[in-house]
Structure formats: C-alpha cells, structure tokens
2 protein chains.
Amino acid sequence: MANIRDVAQKAGVSVATVSRYLNNKGYISEEAKRVISAAVEELNYRPSLVARSLNTKQAMFIGLIVPDIVNPFFPELARAIEDVALEYDYTVVLCNSDEKIEKEIHYLNTLQQKYVAGFIVAASHAETSHYTDLNVPIVAIDRRIHPSIPLVATDNREGARIGTEHLLANGCRKILCMKGPSGLGPADDRLMGFMDAVEGKDIEIEVVESPFQFDASESIARTILQQQSIDGIFASSDVSAAGAMKAAYSLGISVPDQLQIVGYDGTMLAGQLTPSLTTVAQDLYQIGALASRMLIKLIEGQELEEREIQIQAELIIRGTTRSGA
Amino acid sequence: MANIRDVAQKAGVSVATVSRYLNNKGYISEEAKRVISAAVEELNYRPSLVARSLNTKQAMFIGLIVPDIVNPFFPELARAIEDVALEYDYTVVLCNSDEKIEKEIHYLNTLQQKYVAGFIVAASHAETSHYTDLNVPIVAIDRRIHPSIPLVATDNREGARIGTEHLLANGCRKILCMKGPSGLGPADDRLMGFMDAVEGKDIEIEVVESPFQFDASESIARTILQQQSIDGIFASSDVSAAGAMKAAYSLGISVPDQLQIVGYDGTMLAGQLTPSLTTVAQDLYQIGALASRMLIKLIEGQELEEREIQIQAELIIRGTTRSGA
DNA sequence: TTGAAAGCGCTAACAG
DNA sequence: CTGTTAGCGCTTTCAA
C-alpha cells in the first residue's frame, strides 16, 4: 500500500502539500493539484484513516448501542442511522447491550479507546454517570437517559391515547392494557396515554405488565382471556399484540369480531400478521435518521436547535379492529 | 487522557516495559508489574487502540456486510457475530449493501483504510474480484461468493426437500413452489430440493418466482390461489409464506384445512404468525457464530479445518400444516 | 504557496 | 529483564 510519502515523491512535492490537497486545506497551486491528483491516481493511493485518527483524535465511526438487534424494533433504527452515517462518511459499530449496564460500559470504554466520534444509545438505567461523563457527544433514542442528553423519541403518551381511543370508538367496553415493563420510560408513558383515554369513561379496564416478548405475552394474554370477557386489547408493543392474537386464536376467540387488538410500534411484523395488525406506528426510520443527523452536528461542533425531538405516532388501522379491512 | 509515557514516568520504568506489560510480551519482573499496574490504576490509563493499530496495521474490528439489516433474516446472524466478536475483543461494523456492488466496494475500501481485521459478507454477484483480491481475510455467509472464499451456510437443497416431503406426507396433491429470486444461490438450491422431493411423484406442481418480500409475495400468491386449486405451498422464505397466508385469508381459504403452507428460514416471524408457521429452520445464530469464529481464526493466522461448513436445516412443524397443532 | 520537522501514542528491534 | 530509539502514516505549526 502506497503512503503519503510515496505520493509526495512521485508528485515531486512535500508530504505537507499532499496532506493539504487531501483535506482541501490551505492554498495549493493548480499545478500542484494536478500532479498530486495524478500521483494519487497512479499509485491508487488511499490515505490511512488510522494515522489520521491518531492526529485528530477522532475516528470516523459512531457507536450504536441497543439492547438487542434481534428485537424487531431496532433494525429499522439501525438502518436509518447507518444510511445517514454513510452520507457523512461515518461508519456504524453495532453493540448489543442486553440492557446490561456492564456491557454498555464495556462498549463505551472500548470504543473511546478507538477514538469513536460519538454514540447513539437506546438505554435507561438509574445510574447514568457513564453517559453524562463521556467526553464525546451522545444522543439518546427511544428512551431518555438523562435530561442533559439529547433525545429523539416518539410521543408515546399521545400515541397510546390515540390507539386506545380507537378501541373506544369501535365500541370496546372491557379493555385490557398489556403495558410494557414498568420503569421503562416509553412503557410508562404509554400506560399514561392509555389512562388518559379511558379516564372518566364508562368502561372496564384491566392492566397487566407484559414484557416485549412473544411467548410471555401470549401466555399472559391467554390467562386473562380465559378468565375475563375482554373485548379490546391495547398492547404496548407489536410483539405483545402478536402474542395476544395467538392466544385469542388458540382460545377460539375471533379477531376482530369478538376481540379487537391494537399494537404499538409499527414494525414490519404488524403488517405481516394475519389479519394484519392495527397499530400505533412510530416512525422508526425517522427517529434513527434524526438522531444520526443530530449526533453528527454535535460531532462537528455545531449547536442543536432542539435538544429533544418528539416524533408524532400515527395510528395505522388494519385488520384487527373493526373499522379496518 | 494519560498516555503510555505518563504511565512509564509514574512507574519509573521505560515505555517499552509498559508496552510489554500491556501485551504480556517478553519478560517483566514482578516488581515492574507491580509498579506499572499501580500507575495504570492511578492514572486510569487506557491504551490508545488507534496508535496500536497504526503499528500493527490491524484494528480490532470486523466488517459485516449484509443486504439490509431490516430483513428479518439478518439480525440474528448479526447478533451471533457480535457475540463471538465481543468474546475476542473485536467490534462489529454494520454495513447495508442493498445488494449493490458499488456499496459493497465502498465499504470494502473504506474499512480497509481503517485497517479492518476481516470481513463477513452475505452477497452474491457475478463479479467477485473485489472479494477475491482483498488483502484481509473474509468469510461468506448464506451465499457462496467464490470457491476460494470460506463459506458457512445451510444445506438448502436438503432443507427444501424435507419441507416439501412434509407437504407430500400430509396429502398435498397440487403444490405451489414460491421460489426466491433466480440467480440467488440459496434460492436456486431450494428449488432443486423442491424438485428432488416431487420428482417422479404423482402430483401437480406450479413454480413461481417471488422475491423475499411480503407485499409482492402476497399478491403473487393471491393471483395464483384465485386461478388454481392449490392445496400446498412451499415458500422459499418465511416472509413469502406470511404473504401467502395473508392472501389465503383474504380469499377465505382456510389454513391448514384447505391449504397447507411451509416456510423457510425459521425467523422469529414464523413463530409469531397465527397460526404459527411450519417452516424449515436455519440455525441462523449458529451460522453467524461459526462464521465469526472462522474469521477470527483466519485473522489470527490459523489454518481452517474446513473451508465450507454446511449446517443442517430442521423442519419445525407448527400450525400451517395438518400434523401440527 | 510550499516544505521541514515535530509530534499523535504505541510497538518492536536492538543493545545492554 | 529493561531502556533507547526508530518508526507506523498523517497533520500541523512555523518559516521561508
């Protein structure tokens, strides 16, 4: 592999000039540009980004920390982040934390040793000093980490309200809310939105905590559906809704005739179920893209107009509620 | 941030000794170890991996190139790769190629400029010189890139045969094969496996090409189901199978009573559908993990016992075929 | 506009 | 067992 010295030599200029040429910095004569360009071409020269990083103390990559990329919620986010990163010549390092703070810390440390330019993180813990004490920029997605850390997320409370209203409008009188893990910001917000919608109305409600996992959600739903005559379910995630659909099916309860279901997230899964799932969709791609743009601004030392961006959720009416197909 | 010189100074030794200590190389007195360790501790010293890379010409990360992480086939693979990478202190860079050769080349180049240690790639093109001419190790997953490149993949032909046999055993007489994109290795292999199973048997078959996408698969399936009395579908992917389920549902065809369906891949989606999908499961996690281990061996200069690993596919019988629940 | 030279932080001979 | 020193390939003053 040719290095900058080879190029300088072949072009008959100094390495400093080549460096300036490479970075469009300082004055360079047209003549110099020409010869350098030719030399670069001829030697098929590619600058070592590592050597550059050693000087600038910054590598062109960003760390993405998510609980688990297998959770269908994250791939779209990751995709968006990568697309924007590519646009700015950054590269994305994928880190699965399993929600474990030790793993998060490990990545935070290791990547900083590699001069990571910044982080995008989906996490929430009581202890946040590892994030607030970082000396590279960071932006949070989906979950608030700390008031001082920029955030891009959906307006979950409002989204849940809209989803629940839809069930109400469709005539549901006894609604089950499968809320997400308590303590998890977005899940709590969605529960609030659910309560906002049912409050004061003459309907029965039942609230149960259910993880964002299919099997667990299915069995939780089955248990409740066996005991009570539920006619509507508001699930805090599409996966939970899918579990509920399965439970209803196995109990011979027809959806949407006897039971209507609304999910949350708007993942691909929702559209691929049969019947397809009515869901409160988050614009995952947009969340990822905005977070990525925000982080890059921070990395480049620009000011942020807004430190928190709320994306509106949108109700997508499909086959699991009656007004749908 | 403290550097190695600070540590050496504080410990009262030379940087060389500190370096040796850090890398467990060469002899170091217990006394030296003690003072260095103390200095490291005190200064909270973390070696710059970038400076190290500049010397060794190798950064501790591997590039993962997949068509699109949003495709549910890839997250599990990515997860496995990352898990193994973590075990060996490597970090994973996620690259979405959209099957575009220019994007693949872009990543290949950029990451090499960053001294990437190796690549794991899911791709297939006629032109393969960008891969074969690489000067870092590479292993292919899912699709064969070139005979010279190590591969980890499922035995697709055999898997498809097993899946189709299941339909046959369940009494299907008119089977539709929704094959994947032609030219794509695994899809072609699955078609062969399908043919292996039906060949010579007294049953009617229909073969149609269908991309690994839900909407397209749904409409393709709907068209055919309207025109012909199909009683079994072998789909080359779970997504296509999901599309077929939706089509059947909208046409009032009941699954599995009137129509039985077998998918392929064994993604999470298959288990979350209602009824849950009988599918030929690939052990995605294992493929990823093995590929990752293989690559790391290559990076470390070890020999590979096998350059091609075939994983057996496994039929998971569920609700879309009659012998299932 | 350009070049010489001093680093960035670490590794790896080589000499002791 | 340890230290000196010359790089790795690039950026960045500082002079010219």
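The values are calculated or read from the model by the stated rules, or taken from the named source; none is laboratory data. Note that the structure is a prediction, hence the values are computed from the model and not measured. Please note: Cβ atoms are built from the backbone with ideal geometry, for glycine as well, and neighbour counts cover all protein chains shown. The accessibility values were calculated without ligands, DNA or RNA, using every heavy atom of the protein model including side chains. Shrake-Rupley method; radii C 1.70, N 1.55, O 1.52, S 1.80 Å.
For the range B:259-273, name all the residues that are of a type outside the set (Gly, Ala, Ser) and under 18 Å from B:Lys179 (Cα atoms). B:Leu259, B:Gln260, B:Ile261, B:Val262, B:Tyr264, B:Asp265, B:Thr267 - these are the residues of the range B:259-273 that are of a type outside the set (Gly, Ala, Ser) and under 18 Å from B:Lys179 (Cα atoms). For the structure I just gave you, tell me whether B:Ala197 is over 20 Å from B:Gly243 (Cβ atoms) and buried (at least 21 other Cβ atoms within 10 Å of the Cβ). In short, yes.
Would you call B:Ala11 more than 7 Å from DNA strand C (Cβ to nearest atom), out of contact with any strand residue (DSSP E or B) (no Cβ under 7 Å at 6 or more places or on another chain) and farther than 27 Å from B:Thr91 by Cα? So B:Ala11 fits the description; yes.
Every residue, every condition in (1) outside the structural domain of A:Ala140 (by TED's automatic domain parsing); (2) under 23 Å from the mean Cα position of the chain (by Cα); (3) surrounded by fewer than 20 Cβ atoms within 10 Å (Cβ to Cβ), yes or no:
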residue: A:Tyr45; (1), (2), (3): yes, no, yes
residue: A:Ala51; (1), (2), (3): yes, no, yes
residue: A:Thr91; (1), (2), (3): no, yes, no
residue: A:Lys100; (1), (2), (3): no, yes, yes
residue: A:His106; (1), (2), (3): no, yes, yes
residue: A:Asn109; (1), (2), (3): no, yes, yes
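Scan the range A:56-81 for residues that are modelled with pLDDT under 95 and either within 15 Å of DNA strand D (Cβ to nearest atom) or open to solvent by less than 30 Å² (accessible area, probe 1.4 Å) (or both) and the total you get is 1.
So if I check each of A:Ser19, A:Ser48, A:Ser53, A:Ser14, which one is more than 8 Å from DNA strand D (Cβ to nearest atom) and of a type in the set (Ser, Thr, Tyr)?
Working: A:Ser19 fails: more than 8 Å from DNA strand D (Cβ to nearest atom); A:Ser48 fails: more than 8 Å from DNA strand D (Cβ to nearest atom); A:Ser14 fails: more than 8 Å from DNA strand D (Cβ to nearest atom).
A:Ser53 is the lone residue from the list that is more than 8 Å from DNA strand D (Cβ to nearest atom) and of a type in the set (Ser, Thr, Tyr).
Only a single item in (1) more than 6 Å from DNA strand C (Cβ to nearest atom); (2) closer than 27 Å to A:Thr56 by Cβ; (3) exposed (fewer than 11 other Cβ atoms within 10 Å of the Cβ) is not met by B:Asn23, and it is number (1). Within the range A:50-68, at least one residue is under 30 Å from A:Arg143 (Cβ atoms), without any contact (Cβ under 8 Å) to a residue 40 or more places away in the chain and away from DNA strand C (no atom under 12 Å from the Cβ).
When B:Ala244 is tested against (1) of a type outside the set (Phe, Trp, Tyr); (2) surrounded by fewer than 16 Cβ atoms within 10 Å (Cβ to Cβ); (3) under 16 Å from B:Gly319 (Cα atoms), only condition (2) is not met. Within the range A:28-44, residues that are without any contact (Cβ under 8 Å) to a residue 40 or more places away in the chain have Cβ atoms under 6 Å from residues that are of a type in the set (Ser, Thr, Tyr) in these pairs: A:Ile28/A:Tyr21; A:Ala32/A:Thr17; A:Ile36/A:Tyr21, counting only partners at least 6 apart in sequence or on another chain. Within the range B:272-287, residues that are within 22 Å of A:Ala216 (Cα to Cα) sit with their Cβ atoms under 7 Å from residues that are among the aromatic types (Phe, Trp, Tyr), at 6+ positions apart or across chains, in these pairs: B:Gln272/A:Phe214; B:Thr274/A:Tyr249; B:Pro275/A:Tyr249; B:Thr279/B:Tyr264.
Looking only at the range A:27-43, count how many residues are within 13 Å of DNA strand C (Cβ to nearest atom) and open to solvent by less than 60 Å² (accessible area, probe 1.4 Å). Give the steps one after another, and end with the answer.
So in the range A:27-43, the residues within 13 Å of DNA strand C (Cβ to nearest atom) come out as A:27-37, A:39.
Retained after the next criterion (residues that are open to solvent by less than 60 Å² (accessible area, probe 1.4 Å)): A:28, A:32, A:35-37, A:39.
Of the residues in the range A:27-43, 6 are within 13 Å of DNA strand C (Cβ to nearest atom) and open to solvent by less than 60 Å² (accessible area, probe 1.4 Å).
Scan the range A:22-45 for residues that are among the basic types (Lys, Arg) and either near DNA strand D (Cβ under 8 Å from one of its atoms) or touching a His at 6+ places or on another chain (Cβ under 9 Å) (or both) and jot them down. Even if it seems obvious, please write down each step before you answer.
From the range A:22-45, those among the basic types (Lys, Arg) are A:25, A:33-34; that's our starting set.
Across the range A:22-45, the qualifying residue is only A:Lys25.
Provide a single number: the residues in the range A:207-237 that are open to solvent by 60 Å² or more (accessible area, probe 1.4 Å) and farther than 30 Å from A:Val70 by Cα. The qualifying residues number 3.
Residues in the range A:112-121 that are at the interface with chain B (Cβ under 7 Å from one of its Cβ atoms) and in contact (Cβ under 8 Å) with a residue 12 or more places away in the chain were compared, and the one that is surrounded by the most Cβ atoms within 10 Å (Cβ to Cβ) is A:Lys114. Checking each residue in the range B:116-173 for being under 30 Å from B:Glu204 (Cβ atoms) and among the aliphatic types (A, V, I, L, M) picks out B:Ala160, B:Ile162, B:Leu167, B:Leu168, B:Ala169. Hey, does the range B:101-122 have a residue that's under 21 Å from A:Ala80 (Cβ atoms), in contact with an Asp or Glu (Cβ under 9 Å, 6 or more places away or on another chain) and at pLDDT below 95? No: zero hits. Being more than 13 Å from DNA strand D (Cβ to nearest atom), in contact (Cβ under 8 Å) with a residue 12 or more places away in the chain, open to solvent by 60 Å² or more (accessible area, probe 1.4 Å) and within 28 Å of A:Ala140 (Cβ to Cβ) is a property that does not hold for A:Glu87. Could you run through the range B:168-208 and say how many residues are closer than 21 Å to B:Ala122 by Cα and in a strand (DSSP E or B)? Looking only at that region, the number is 1.
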